[in-house]
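S.K.: So that we are looking at the same thing, I have put the structure below in structure tokens.
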Amino acid sequence: MINQNKIENYIFDNSNVIKIDSRDIKPGDIFLALQGEQKHGNEFIEHSIKKGAEYCITDKHYVTKSKKVKFVKNTIKFLILIANKKRSKYNGKVIGITGSAGKTTLKETLSFFLLKKFKTSFSIKSYNNKLGVLISILNLDLKSKYAIFELGTNNFGEIKILTKLVKPSEIFITNIQSTHIENFKNKINIAKEKSNIFFYRYNSLRKKIYLNINNTSEELILKKAKNQNRLKIILINSKSKKYFIKEIKDKKKLFEVFFSINNKIIKLYFNDIVESQLNNLLFCYAFFSENNIDLNIISKFNKKLKPVEGRGLKHKILLNNINFNLINESYNANPDTMIQSIEYFSHLKLSSKNKILIIGNMNELGKISNEMHNKVLNTIEHHKFKIVILCGEFFRRSVSKLKLVNNNYIYLENKLKIMNYIKKSIHNNDTILIKCSNKTEVNMFAKDLLKMKVNKT
């Protein structure tokens, strides 16, 4: 039997060694044998050991001669115990990011800039549920100056649980949108849930909160934050006196954006205007300013910042000897982000004759599913595209209700039919934008299309 203190000390002394996929195991890692959708991780313990795993942890009976396997009564409780201990040992600044959309992109953006000067730990991928947050804490480098965590939720009560684990001193709430509305019923309930991240009773270490207020639900968060003692509120929007976008100038080939950062004007250039991208930069500028970090780091390295895969990353695709562009936003979608993507695509400085829009169902909208899918199509009708490909039952119903149409709509029921249609219809220099929820046919089509990418742009 492996001594528990030995495992604890190993986790305290190392970073990024906890893995839940045996394919990711490298020498010195710790494999968590968890129950998956189809198989239990016990089936991959021997494979992990052969790949050099230092330890394998499981709460399911497993017969082995290896001394590297640690059996525990409950894996999650075991992880919580060690995670709480490791978090208590960390003396750096902890940053917590929550919100309906944009958590991963903001985390990646902020960490990208901080890493230019500081040792920084941050959660990988979209590790923002209970298991993901636990793994992120256990993978924390105790020598890092900053640690960034995502905190996500799809139901009531989850944010306070994650907040008690992470205990962030500086907090970002990106936005409140219609994500997981099926469970929360309305945006006000989402705002209440997200607010738990800065309540003193769950997080006595919180000191600052960064907010971008654009709707009544976000106004509720601001009101709740103002009722908290010893919590500094930093606003980034037109209502802010310290951090806001002063002006955007269209220079034909480029856009000139003027950021007002604590009475200092910073000018940056962009090929396209993406609202979420500008908001993320404002968040980062505000954080750097509030923490007395050199703002020139952001200005200098902004052009090297790339979007996150599935959230706007651009690719060159080669299909049947045809070269075209792909804007991949297939990671997830809600009505707000879907409409933002449509408007962004419409305003790209390309001919509408070269723009193909492919959209799939938006999940977890509950009773308002039909209404929201109708709203998306009505938004599309204010713009013009070469082709609009729809997939998913909700869009099938919605498109049948359109009377006078401005666009050429094609309904295709699965990824195979979409691929076959694209092979016949795509031309050189066309641009496709894909937007959908996870695990939809369009999401799977995007993954297939990415296999044909030439290089990132």
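S.K.: Taking the Cα atoms only, what angle lies between the long axis of helix 335-347 and the longest principal axis of the chain, rounded to 10 degrees?
M.R.: That helix lies at roughly 50 degrees to the long axis.
S.K.: Students often check this: by mean Cβ neighbours within 10 Å, which of 288-294, 433-439 ranks highest, and how do the rest follow?
M.R.: Taking the mean over residues of other Cβ atoms within 10 Å, the ranking is 433-439, 288-294.
S.K.: Roughly how many nanometres apart are two label points built 7 Å out from the Cα toward the Cβ at Glu43 and His61?
M.R.: In this crude spin-label approximation the distance works out to 2.0 nm.
S.K.: Continuing with this model, one more query. Can you compute 3J(HN,Hα) from phi for each residue in the stretch 124-132, using the Karplus curve 6.51 cos²θ - 1.76 cosθ + 1.60 with θ = phi - 60°, rounded to whole Hz and x for Gly and Pro?
M.R.: So the J values, rounded to whole Hz, are 7, 6, 10, 6, 10, 8, 4, 5, x.
S.K.: In whole Hz, with x marking every Gly and Pro, tabulate ³J(HN,Hα) for the stretch 271-288 from phi via Karplus 6.51 cos²θ - 1.76 cosθ + 1.60, θ = phi - 60°.
M.R.: 6, 9, 9, 10, 4, 5, 5, 5, 4, 5, 5, 4, 4, 5, 4, 4, 5, 4
S.K.: Roughly speaking, what is the stretch gain from Lys207 to Ser351, that is 0.36 nm per residue apart minus the C-alpha to C-alpha distance, in nm to one decimal?
M.R.: 47.0 nm
S.K.: Would you mind checking which residues have amide H under 5 Å from Lys119's amide H? H placed 1.01 Å from N; only 5 or more apart, or other chain.
M.R.: Lys145
S.K.: Let me ask another. What number comes out for the charge environment of Tyr243, summing +1 per Lys or Arg and -1 per Asp or Glu over other residues with Cβ under 15 Å away?
M.R.: Result for the neighbourhood of Tyr243: +4.
S.K.: Right, next: Between Thr379 and Lys242, with labels modelled 7 Å along Cα→Cβ, what's the label distance in nm to one decimal, could you check?
M.R.: Output for this residue pair reads 3.2 nm.
S.K.: Please go through the stretch 359-424 and write out the chymotrypsin sites (Phe, Trp or Tyr not before Pro) that DSSP classes as loop and that have at most 10 other C-beta atoms within 10 Å.
M.R.: none
S.K.: Mind giving me the nanometre distance, one decimal, between the label points for Val454 and Ser169, set 7 Å out from Cα along Cα→Cβ?
M.R.: Calculated label separation equals 4.9 nm.
S.K.: Can you match log10 I(q)/I(0) by the Debye sum over Cα atoms at q = 0.07, 0.08, 0.13 Å⁻¹ to one of these, (i) -0.40, -0.52, -1.30; (ii) -0.51, -0.62, -1.11; (iii) -0.35, -0.46, -1.23, based on a calculation from the structure here?
M.R.: Read-out taken from this structure: (i).
S.K.: Still on this structure: Using 0.36 nm times the number of residues separating Asn154 and Lys267, minus their current alpha carbon distance, what extension gain do you get?
M.R.: Stretched fully, the Asn154-Lys267 segment lengthens by 36.9 nm.
S.K.: Could you work out the equivalent-ellipsoid semi-axes for the stretch 4-78, taking the square root of 5 times each eigenvalue of the Cα gyration tensor, largest first, in whole Å?
M.R.: Rounded to whole Å, the semi-axes are 17, 14, 12.
S.K.: A further question on this structure: How compact and how long is the stretch 313-456, expressed as Rg and Dmax of its alpha-carbon atoms in Å?
M.R.: 14.0, 44
S.K.: Estimate the FRET efficiency between Lys119 and Lys304 by the formula 1/(1 + (r/R0)^6), using the beta-carbon distance for r and 22 Å for R0, to the nearest 0.05.
M.R.: So, using R0 = 22 Å, E works out to roughly 0.70.
S.K.: I need the semi-axes of the equivalent ellipsoid of the stretch 90-304: take the C-alpha gyration tensor, multiply each eigenvalue by 5, square-root it, list largest first in whole angstrom.
M.R.: Gyration-tensor ellipsoid for the stretch 90-304: 27, 21, 16 Å.
S.K.: Another question about this same structure. How high is the FRET efficiency from Leu318 to Lys6, r the C-beta distance, R0 51 Å, rounded to 0.05?
M.R.: Working: r = 51 Å, r/R0 = 1.01.
For Leu318 and Lys6, the calculated efficiency is 0.50.
S.K.: List the lysines whose Cα sits under 23 Å from the Cα of Lys239, skipping any in the same chain fewer than 8 residues away.
M.R.: Partners found: Lys103, Lys187, Lys192, Lys194, Lys207, Lys208, Lys223, Lys224, Lys226, Lys249, Lys264, Lys267.
S.K.: OK, next. For the chain, calculate the relative contact order in percent as a whole number, restricting contacts to Cα pairs under 8 Å that are 6 or more residues apart.
M.R.: On the way: 866 pairs, mean separation 48.6, N = 457.
11 percent.
S.K.: How charged is the neighbourhood of Asn215? Take every other residue with its Cβ under 12 Å from the Cβ of Asn215, and add Lys/Arg as +1 and Asp/Glu as -1.
M.R.: Values: positive: Lys187; negative: Glu218, Glu219, Asp336.
Taking every Cβ under 12 Å from that of Asn215, the sum is -2.
S.K.: FRET efficiency for Lys73 and Asp24, Cβ-Cβ distance as r, R0 = 22 Å, nearest 0.05?
M.R.: E(calc), rounded to 0.05, equals 0.30.
S.K.: So, one more: Relative to the first principal axis of the alpha-carbon coordinates of the chain, what is the inclination of helix 216-226, with its axis defined by its Cα atoms, in degrees from 0 to 90 and to the nearest 10?
M.R.: 40
S.K.: In whole Å, what is the distance between the alpha-carbon centres of the stretch 227-304 and the stretch 46-66?
M.R.: That distance is 48 Å.
S.K.: Divide by every residue of the chain the summed helix terms, -39500 (n - 2.57) for each DSSP H run of at least 4, and state the resulting mean residue ellipticity at 222 nm, rounded to the nearest 500 deg cm²/dmol.
M.R.: -10500 deg cm²/dmol
S.K.: Given an 8 Å cut-off on Cα distances and at least 6 residues of separation, report the relative contact order of the stretch 313-456 as a percent.
M.R.: The normalised contact order for the stretch 313-456 reaches 40 percent.
Read the figures in this text as sums done on the coordinates, not as results from a lab. Model, not experiment: these values are computed from the prediction. Every residue, glycine among them, receives a Cβ derived from its backbone with ideal geometry; neighbour counts consider all protein chains shown.
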